[in-house]
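Engineer: Here it is, the structure, as structure tokens.
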Amino acid sequence: MRRKIFIYLLLIFVIGGAFGCHGAKASSEFTVPESFDESKEYNITFWAKNDSNPVQKNIFKQTVERFESYYPNIHVTIQNYSDYTKIYNDVIKNISTNTTPNVSITYPDFVATYLEGNNVVVALDDLMNNEKYGFGGSEIKYDSIKREDLVDKFLDELIINDKYYAIPFVRSSEATYINKTEVEALGFSVPDIVTWDFIWEVSKKAKEVHPEKTFIPMIYKSTDNMFIQLAKQRDIDYSTSSGDILLFNDKTKVLLRELVTYGLNNYFDTFKRVSYPGNFFNAGNCIFAIDSTAGATWIGSDAPLIEIHENDVKQFETVVRSVPQTDSASPKMISQGPSICIFNKDDKGEVLASWLFAQFLLNDETQVAFSKTEGYVPVTKTALSSSAYLDYLSRSGEDNDEYYYVKIDASKLVMDNIDNTFITPVFNGSSLVRSAAGELIESTLQQAKSKTYDDSDEWYDELYKNIKILYKLDELGDTNLNDLGPIPNISKTLLITLGVVWLGIGGYFLYAFLKKKRHDRN
């Protein structure tokens, strides 16, 4: 009998273990230690993003060396990535094995997904406000920035569930790179703020002059951003911070129908369908190339990082404007650019060491140096107003490398439009919603070009259904991600069965105990 009981108990523990092992090990919530032990050696890892740019790699390397001169007991190992998505995927894989990096370049959408783990990412509020080790802390060995030194809008983009889970590193936006020479040859002047009506008017004229298929007036790099910005400009519902997915609506159908018309007239195309817009632009086969300001070093006749053969490059004047607007009196453009998050560890001192390094990445020298590599801008007021950065901006056009005028104009564009930028709501799955938004344009355009499109509401309803399935949006919940609904019946049955088994075991041992006591008395 005892052997049978042992077997039953073993089965129960195995079942319980199977359910208990699902997901990553829970970490305790981080609390800031009273002091930092400088006698202890800490080895931390930093997952950095660069565009296979040796200058950016060297900036990170020099930043680590300067940081370690202040804190010789903290040793930082850099792992360089050339793709944000690769960082995200590697973090997701490492969460389950508790082998995440200490510090990582990130985006808010990424962090929202990481937060589905148990205390995986550190909430930074207490660290930021700590008198000793927070912004401007009294015990920090280097000259730490103060809270008020950060551009408020950039920092507040990183509030998730009412807490700061990252700090901004550098910022960028999207820009319209314009072949001014060709626009003027077509009889137009480039306005200070480009509208969608202007884009389509010029594109129509351009196709009359250049009917060849290889000439595409406008190419958009990110259709995700194309949809998001058009939706914002037209007051089309997109999503909410609680996870409501709203973009599959009638206003979206109106927008897509318009884009189909322009697409079938070959006024525009997308990066996914043709190629990188900068290559078409530099060859004179595109008038409007819409891409990130961080891509400015690849765009224009004299760009330092041109990827096509020099014999294919056409000479023309490039000007930089904001993304096309629906209402020029109320411009709206997306805010983007990498941020920094910190991952939780069992050793609180290790987390504090990570924070000291992450905070060091906001020093003026690093901020200015990294921003000068591409069309980024620093995220601190001290760096933005520093003599080094102002001198850099003032030397536009001195050469086509460090002072390439298109790159500097792109940075100025971001600086001039900080108050006009916005971000989309962040929640677990918001990155999938972004991808679905871009796919609405891609799929509609693709099917229109391949003659499998019709203009009916039924066709669009089917498109919506297929894209929801493709990106598993229904699994995120139709309304609120935090409302998970009732427990499934099979789960209820399992829980009840387990409860009955445990009660049965408890009852048996109580019966056996009482029987033994009665036997002992007799």
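Each reported figure results from applying straightforward, stated rules to the coordinates on display, with no laboratory input. The shown structure was predicted, so the numbers you read here are calculated from the model rather than taken from an experiment. Cβ: placed from backbone, ideal geometry, glycine included. Neighbour counts: every protein chain shown.
Engineer: Could you list Trp47, Trp200 so that the one with the fewest beta carbons within 10 Å of its beta carbon is first and the one with the most is last?
Structural biologist: Details: Trp47 23, Trp200 19.
Starting with the residue having the fewest Cβ neighbours, the order is Trp200, Trp47.
Engineer: Could you order the peptides 335-346, 148-159 from most to least packed, using the average number of other C-beta atoms within 10 Å per residue?
Structural biologist: Values: 335-346: 22.2, 148-159: 17.2.
Peptide ranking by packing, descending: 335-346, 148-159.
Engineer: Hey, what do the phi angles of the stretch 222-238 turn into as Karplus ³J(HN,Hα) couplings, whole Hz, using 6.51/-1.76/1.60 and θ = phi - 60°, x for Gly and Pro?
Structural biologist: For the stretch 222-238, the Karplus curve yields 10, 6, 4, 5, 4, 5, 4, 6, 4, 4, 5, 5, 9, 6, 8, 4, 10 Hz.
Engineer: Also, I was wondering about something else. Considering only DSSP beta bridges where both residues belong to the chain, give the percentage that are antiparallel (nearest 5).
Structural biologist: Working: 24 of 43 bridges.
Just about 55 percent of them are antiparallel.
Engineer: Here is the link list: Lys86/Lys381; Lys49/Lys272; Lys57/Lys93; Lys251/Lys468; Lys207/Lys314. Which ones come out longer than 20 Å on Cα distance? Intermediate values should be presented prior to the final figure.
Structural biologist: Details: Lys86/Lys381 31 Å; Lys49/Lys272 22 Å; Lys57/Lys93 25 Å; Lys251/Lys468 17 Å; Lys207/Lys314 18 Å.
Distance filter (> 20 Å) returns Lys86/Lys381; Lys49/Lys272; Lys57/Lys93.
Engineer: Give me a comma-separated list of calculated 3J(HN,Hα) values for the stretch 60-70, in order, Karplus coefficients 6.51, -1.76, 1.60 applied at θ = phi - 60°, integers in Hz, x for any Gly or Pro.
Structural biologist: 4, 4, 5, 4, 4, 4, 5, 4, 5, 5, 7
Engineer: I need the peptides 82-90, 94-102 ranked by packing, meaning the mean over residues of other C-beta atoms within 10 angstrom, with the highest value on top. Before the final figure, lay out each step's value.
Structural biologist: Values: 82-90: 14.7, 94-102: 17.6.
Sorting 82-90, 94-102 by mean packing, highest first, produces 94-102, 82-90.
Engineer: Could you tell me which of Tyr392, Thr223, Ile469 has its Cα farthest along the dipole of the chain towards the positive end, charges placed at Cβ (Lys, Arg +1; Asp, Glu -1), taken about the Cα centre?
Structural biologist: Ile469
Engineer: Which residues' amide hydrogens lie under 5 Å from the amide hydrogen of Tyr81, considering only partners 5 or more residues apart or on another chain, with H built in the peptide plane?
Structural biologist: Amide H neighbours of Tyr81: Ala48, Lys49, Asn50.
Engineer: Counting only residues 5 or more places away or on other chains, whose amide H sits under 5 Å from the amide H of Thr195 once H atoms are built in the peptide plane?
Structural biologist: HN-HN under 5 Å from Thr195: Gln325.
Engineer: Using the number of other C-beta atoms within 10 angstrom as an exposure proxy, rank Asp224, Asp391 with the fewest first.
Structural biologist: Details: Asp224 22, Asp391 10.
So the residues, fewest neighbours to most, are Asp391, Asp224.
Engineer: Out of residues 5 or more away from His75 or on other chains, whose amide H comes under 5 Å of its own, with H placed 1.01 Å from N in the peptide plane?
Structural biologist: Counting only residues 5 or more places away or on other chains, the set is Tyr42, Asn43, Ile44.
Engineer: Cα atoms only, the stretch 246-301: Rg and Dmax in Å?
Structural biologist: 14.1, 42
Engineer: If you count, for each residue, the other Cβ atoms within 10 Å and average over each peptide, how do 378-390, 30-42, 282-294 line up from highest to lowest?
Structural biologist: Details: 378-390: 18.4, 30-42: 13.9, 282-294: 24.6.
My ranking of the peptides, most packed first, is 282-294, 378-390, 30-42.
Engineer: Still on this model: Using the Cα centre of the chain as the reference point, and only Cβ charges (+1 on K/R, -1 on D/E), how large is the resulting charge dipole? Debye, rounded to the nearest 20. Before the final figure, lay out each step's value.
Structural biologist: Numbers: 53 positive and 72 negative charges, 618 e Å.
About 2960 debye.
Engineer: Per residue of the stretch 361-370, what does 6.51 cos²θ - 1.76 cosθ + 1.60 with θ = phi - 60° give for ³J(HN,Hα)? Whole Hz please, x for Gly and Pro, Karplus curve as stated.
Structural biologist: 5, 9, 5, 4, 4, 5, 4, 5, 4, 5
Engineer: Follow-up question, since we're still on this one. Taking a quarter of the surface of the Cα convex hull of the chain, what do you get in nm²?
Structural biologist: Details: hull surface 130.2 nm².
Across all orientations, the chain yields a mean hull projection of 32.5 nm².
Engineer: Here's a follow-up. Under a plain spin-label model, where a point goes 7 Å from the Cα along Cα-to-Cβ, how far apart in nm are Glu68 and Ser138?
Structural biologist: 3.2 nm
Engineer: Using the number of other C-beta atoms within 10 angstrom as an exposure proxy, rank His309, His210, His75 with the fewest first. Walk me through the numbers on the way to the answer.
Structural biologist: Working: His309 8, His210 18, His75 14.
Listing His309, His210, His75 from fewest to most nearby Cβ atoms yields His309, His75, His210.
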